[in-house]
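What follows is a single structure, written as structure tokens, with notes after it.
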Number of protein chains: 2
Amino acid sequence: MTDNYGKFNAQEGSNSQRARWIWYPGDFEIYHALKVNTRREERNIMWPAFWRLDDCCHNVRFRKKAVFEKETRICVYANGNGYFDVDGKKYPYGEMIQLPEGEHDFLAVVFHLEGLPALYAEGADAASDSSWEANMYSDEWVQAGFNELYFDKNRTPDIFPFSYKDIVPISKERLEEGILYDFGKEIFASVLIRSSGKEGVLNIYYGESRTEALDKEHCYLYEKTDHVQEEKVFRNRAFRYILVETSNEIEVSAKEEYFPLEPVKRFQCNDDLLNRIWEISEYTFHLNSREFFLDGIKRDRWIWSGDAYQAYKINQYLYQDKDISRRTILALRGKDPVECHINTITDYSFFWIMSVYEYYLGYEDKEFLKLIYPKMKSLMEFCIGRTDAEGFIVKKCNDWIFIDWADIDKEGAVCAEQILFAKSLEAILLSAEILGIEECGYRERLEKLCRDIDTHFWDENQGAYISSFSSGKKQVTRHANIFAVLYDFADVDKKNKIIKNVIHNEQIPQIVTPYFKFFELDMMGKIGECQYVLDQIRNYWGGMVEKGATTFWETYDPGEDEKERYAMYGDPYGKSLCHAWGASPIYLLGRYFRRGC
Amino acid sequence: MTDNYGKFNAQEGSNSQRARWIWYPGDFEIYHALKVNTRREERNIMWPAFWRLDDCCHNVRFRKKAVFEKETRICVYANGNGYFDVDGKKYPYGEMIQLPEGEHDFLAVVFHLEGLPALYAEGADAASDSSWEANMYSDEWVQAGFNELYFDKNRTPDIFPFSYKDIVPISKERLEEGILYDFGKEIFASVLIRSSGKEGVLNIYYGESRTEALDKEHCYLYEKTDHVQEEKVFRNRAFRYILVETSNEIEVSAKEEYFPLEPVKRFQCNDDLLNRIWEISEYTFHLNSREFFLDGIKRDRWIWSGDAYQAYKINQYLYQDKDISRRTILALRGKDPVECHINTITDYSFFWIMSVYEYYLGYEDKEFLKLIYPKMKSLMEFCIGRTDAEGFIVKKCNDWIFIDWADIDKEGAVCAEQILFAKSLEAILLSAEILGIEECGYRERLEKLCRDIDTHFWDENQGAYISSFSSGKKQVTRHANIFAVLYDFADVDKKNKIIKNVIHNEQIPQIVTPYFKFFELDMMGKIGECQYVLDQIRNYWGGMVEKGATTFWETYDPGEDEKERYAMYGDPYGKSLCHAWGASPIYLLGRYFRRGC
């Protein structure tokens, strides 16, 4: 696997004097995650994420011991306020400082109550980079955090450096309800309306579908103003269509906001449908790849660990952009102490732990592993605090045992959770090994857990893992069994039994959500049933293409009528029509059909 | 002791429908502490506190189950954004909601990225008060925090509700350096200058003393502007004098910012000097009693735990305002996890723990004790993490073993720290008892510590506690011995020996800082040597009065000349001339001379 950023790392030695904004490591991601997770809107109501959101630390300091071979001029800037101390003398930021040759102690104190405290130092041998250390007034000084997005002094890290593109609608239709504009495909953009007059209302209704935009009463996003302005710029929102109500002559355009990411390769085969599926997947994925990997671009635009786990895998076969994966991992985890599961979901905590180790496998970024390892451990300690007397992870307080939107028997300890728990313990043990950290006491727990899972959840009569043993129902679903095969939890004998009794058993209800279909198809690819994977891609994703999708949907059921197609969670337009996990053909085709299909 | 707020608590039952702003408990104080601790300025440089500063949580929620006996209209407001959910239906804030009689579930989601998320609900049986619960997406819902300062919907808790008073200088002097204004006594205010013209510079130099204001080069606070404005309002600063440089005709006034606090009693005796000392103490203390108890009003304006510990005691004999003590205790402690000692000082962590229990003794506020108890424990756990193999608290990393500005042998374990450690363990054990919480495992540690202190630090030959045993120097200073008597650590036999061998021994260096003089005089009062206390007040504080003090100073040495009088920390005007601990005569006179003197 190519590591895009390898060349960047390689340059470091030779180009260490290139200044960049530096901050307390992880805080950039935590700060932007707070903003991202509080931007969701639904019918003019702001709806922040329903889990604990951390903020960056607002008072930090940086230090460096610099050696100047000759007299040197330096200038230091802060995103925030404070002072720059050289050898015990304080200077304000932004002042040119002339220093004699020799050794100098730099200490930069930066606070920023409403933003991310950061530092930018110019001057040979003094430039702010990873040779500086950061501290938030705890015992430890750590290597300062930075990001290659921030080399420009005038581009402070409070603002995420998106790119912008002006676009115009491809068609306009005067209807009884108003004027309907179609932008040809789903975009994430701010609409700009120029009006001829200043009287009357200006109302705008957004739709991922034409149907939604025309449904003034129920559409998910709209904005109404009593007073037309000459030029009104609306908030960034996701849509393909907009319906505008106004009595004025108007001119409509949009400014698309996006994060530039280049695919490392293009997929091309002699099957047009597959080419089209790849293309739409790529577009869908790009719309959801921004500060972080988001779930969907209309709704929720939050960062979900299960969704992100799949996005990391898609990323490996599309952008191989390790930075967006890293940013997402840091954003999801936030700060200690851990007060709730990631996104409140037990399985999502485990996917987070597993994703760190898998990130390492993908990019061999040992520095990151070292940075994040203590947070893997503290999250694991939180999970261990949520085990029962037998050591199984269970639901406590408001924990959400998710697994999938499916009829899973969730009484007591749930099998699929235990398998993820075991994989997470293993991920930490393997990470500790890579870092040369002493056994952290989890091995015994892992071994016991594996034994206990087999004792309590393996049902030899059914030749499968059951969902729950405490309910007595002995329900078999595909979920835990897919995990058992996908993650090599089951031994060869059990694996063969599972394939026969569960995977190839039509009596066992099918996986219907594209979220879990990802795991199912990954598992099918892994056991060599590539034709099945391909058929699924052609049928399921091909079905959406046939229905005119320009981006892939959160869920798809061929039997649904148009009304049902847009509804979800009891909301007529609750379904996301541009959902990151809809892009899984990239991973599946990339991983299992690298030589074409 | 009268509890000012008793009447307020008593009203709660009968007046539960009075709405107030509510927030996550403790977050109001943490949010304002972040602002206060980053406001220090020194010669145009901003100098934030050099310890970890926490911020409030920016995404919280509130809930209440309300029962309406009839149809009711409610309206809910947020300091921030989000939504208000009634029985599963979301409403925007600020919308009048009509609800039928019966039971209703309220859930209010509030986020505020750049301020304190808070809620205000109007409507009988729905009013926001302590019957609501708050949650920051951890497992626990807790009683919402509020403060009687915030009953007004239009006065949001982001802004601290200070009072303001216009004042004019009492004299004006045209000097070669500029125009010198004297406000008669030290004030904390924003200067307003109205100018006749718009040309030339407008420079302002502040002085707690006339000397400082005239020393343009070295004064601590100044501001220079190239362009005179017609009306220029300067930032809040502490000063008695200002020197203004300008070629324009100007008119100068100031707007004093203060927090109204009423003394519960006036001190009056037939000794004019003592009356004057009380009066100046009271004024000094008032200037430093704001959002929290500050150390000094010119410099640092930070919240220091040792200073605050003395302020709580002064407060008990002046305002008996439990709220400012509570606010200060919450502000100092911040959030978990504990990453450094309070103010980085080991003794200050212990004073914080002791202050919580002493606060309870003073105000019998069991609810507060319950709220803060987990933070007493987590701070103690942090301290225990900083003990050596023998269980003594020692310096780790950048910990500051302070005790006093004095020549104390600080090698290895330091006696004075161990005594405070023991008192803190005792404070937690007593608090746990009051709360009916099971023994938290500290009793054994306390008993061992007490034995070990006596074994290692008590020197029978000198009849005193020595500062350090590991240095071998067997140094005796007054500090640990004062603590041993003041806090009843020494038994009667040892106490008598200490009084003879240390307290009444002129060979042992005297206490010279007013900070530690507080403990010394408190101890002298406690052992009945009131005449000594009175003589010290007359000499020491009387000495400052004689030198023309309008507020009491950080330190005072009768032998110092004028230049020395203003200098401290190597800075010609580094000394604070209005320092909270300078007000200790209030405590000493109040506590030991209640029937007059």
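Values as computed for the structure displayed
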{"item": "Flag if B:R327 is farther than 30 Å from B:M380 by Cβ and either outside any loop (DSSP other than H, G, I, E, B) or aromatic (F, W, Y) (or both)", "result": "no"}
{"item": "Hits in segment A:93-116 (condition: closer than 17 Å to A:K153 by Cα and out of contact with any Lys or Arg (no Cβ under 9 Å at 6 or more places or on another chain))", "result": "A:Y93, A:G94, A:E95, A:H112, A:G115, A:L116"}
{"item": "Contacts under 6 angstrom Cβ, first residue in segment A:333-345 being over 22 Å from A:M136 (Cβ atoms) and at the interface with chain B (Cβ under 10 Å from one of its Cβ atoms), partner open to solvent by 30 Å² or more (accessible area, probe 1.4 Å) and in a loop (DSSP other than H, G, I, E, B), 6 or more apart", "result": "A:C340/A:R52"}
{"item": "Members of segment B:42-54 that are surrounded by fewer than 21 Cβ atoms within 10 Å (Cβ to Cβ) and either more than 8 Å from chain A (Cβ to nearest Cβ) or not aromatic (F, W, Y) (or both)", "result": "B:E42, B:R43, B:N44, B:I45, B:M46"}
{"item": "Filter result (of a type in the set (V, I, T) and either under 22 Å from A:S325 (Cβ atoms) or in contact (Cβ under 8 Å) with a residue 24 or more places away in the chain (or both)) within segment A:18-67", "result": "A:I22, A:I30, A:V36, A:V60, A:V67"}
{"item": "Output for segment B:389-417, where each listed residue is assigned to a loop (DSSP other than H, G, I, E, B) and among the aliphatic types (A, V, I, L, M)", "result": "B:A389, B:V394, B:I401, B:I403, B:A406, B:I408, B:A413"}
{"item": "Residue within segment A:555-567 that is surrounded by fewer than 21 Cβ atoms within 10 Å (Cβ to Cβ), closer than 23 Å to A:L294 by Cβ and touching a strand residue (DSSP E or B) at 6+ places or on another chain (Cβ under 9 Å) present", "result": "yes"}
{"item": "A:S138, sole failed condition from (1) surrounded by 13 or more Cβ atoms within 10 Å (Cβ to Cβ); (2) in a loop (DSSP other than H, G, I, E, B); (3) within 28 Å of the chain's Cα centre (by Cα)", "result": "(3)"}
{"item": "Selection status of A:A126, more than 13 Å from every other protein chain (Cβ to nearest Cβ), of a type outside the set (S, T, Y), assigned to a strand (DSSP E or B) and under 40 Å from the mean Cα position of the chain (by Cα)", "result": "no"}
{"item": "Enumeration of residues in segment A:308-324 that are crowded, with 24+ Cβ neighbours inside 10 Å and over 18 Å from A:S424 (Cβ atoms)", "result": "A:A311, A:I314, A:N315, A:L318"}
{"item": "Members of segment A:17-39 that are in contact with a strand residue (DSSP E or B) (Cβ under 7 Å, 6 or more places away or on another chain) and more than 8 Å from chain B (Cβ to nearest Cβ)", "result": "A:A19, A:W21, A:I22, A:W23, A:Y24, A:P25, A:G26, A:D27, A:F28"}
{"item": "Test: residue in segment A:343-358 that is assigned to a loop (DSSP other than H, G, I, E, B), under 22 Å from A:D27 (Cα atoms), of a type outside the set (K, R) and open to solvent by 20 Å² or more (accessible area, probe 1.4 Å)", "result": "no"}
{"item": "Strands (runs of 3 or more DSSP E) lying entirely in segment A:206-262 (those with 1 or more residues that are touching a Ser or Thr at 6+ places or on another chain (Cβ under 6 Å))", "result": "A:231-233, A:250-258"}
{"item": "Residues (more than 14 Å from chain A (Cβ to nearest Cβ) and more than 23 Å from B:P157 (Cα to Cα)) located in segment B:65-90", "result": "B:K65, B:A66, B:V67, B:F68, B:E69, B:K70, B:E71, B:T72, B:R73, B:D87"}
{"item": "Candidate set from segment A:55-64 (those that are within 14 Å of chain B (Cβ to nearest Cβ) and not in a loop (DSSP other than H, G, I, E, B)); member that is nearest to B:M136 (Cα to Cα)", "result": "A:N59"}
{"item": "Selected residue [on the phi < 0 side of the Ramachandran plot, without any contact (Cβ under 8 Å) to a residue 40 or more places away in the chain, open to solvent by 50 Å² or more (accessible area, probe 1.4 Å) and of a type in the set (A, V, I, L, M)] from A:V502, A:V512, A:V492", "result": "A:V492"}
{"item": "Selection from segment B:91-105 of residues that are open to solvent by 20 Å² or more (accessible area, probe 1.4 Å), within 14 Å of another protein chain (Cβ to nearest Cβ) and touching a residue at least 12 places away in the same chain (Cβ under 8 Å)", "result": "B:Y91, B:Y93, B:G94, B:E95"}
{"item": "Pair list, Cβ under 6 Å, 6 or more apart: segment A:520-531 residue modelled with pLDDT of 95 or more, other residue in a loop (DSSP other than H, G, I, E, B)", "result": "A:E520/A:I511"}
{"item": "Tally of residues being open to solvent by 50 Å² or more (accessible area, probe 1.4 Å) and within 28 Å of the chain's Cα centre (by Cα) across segment A:114-123", "result": "1"}
{"item": "Pairs where the first residue, in segment B:346-374, is farther than 12 Å from B:R326 by Cβ and the second is at pLDDT below 95 and open to solvent by less than 10 Å² (accessible area, probe 1.4 Å), C-beta under 7 Å, 6+ apart", "result": "none"}
{"item": "Matching residues, segment A:141-150, being within 21 Å of B:L53 (Cβ to Cβ) and within 28 Å of the chain's Cα centre (by Cα)", "result": "A:V142, A:A144, A:G145"}
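The values are calculated or read from the model by the stated rules, or taken from the named source; none is laboratory data. In this text the structure is predicted, and so the values were computed from the model without any measurement. Neighbour counts are summed over all protein chains in view; Cβ atoms, including those assigned to glycine, are modelled from backbone coordinates with ideal geometry. Surface accessibility is based on the protein's heavy atoms, side chains included, excluding ligands, DNA and RNA. Shrake-Rupley method; radii C 1.70, N 1.55, O 1.52, S 1.80 Å.
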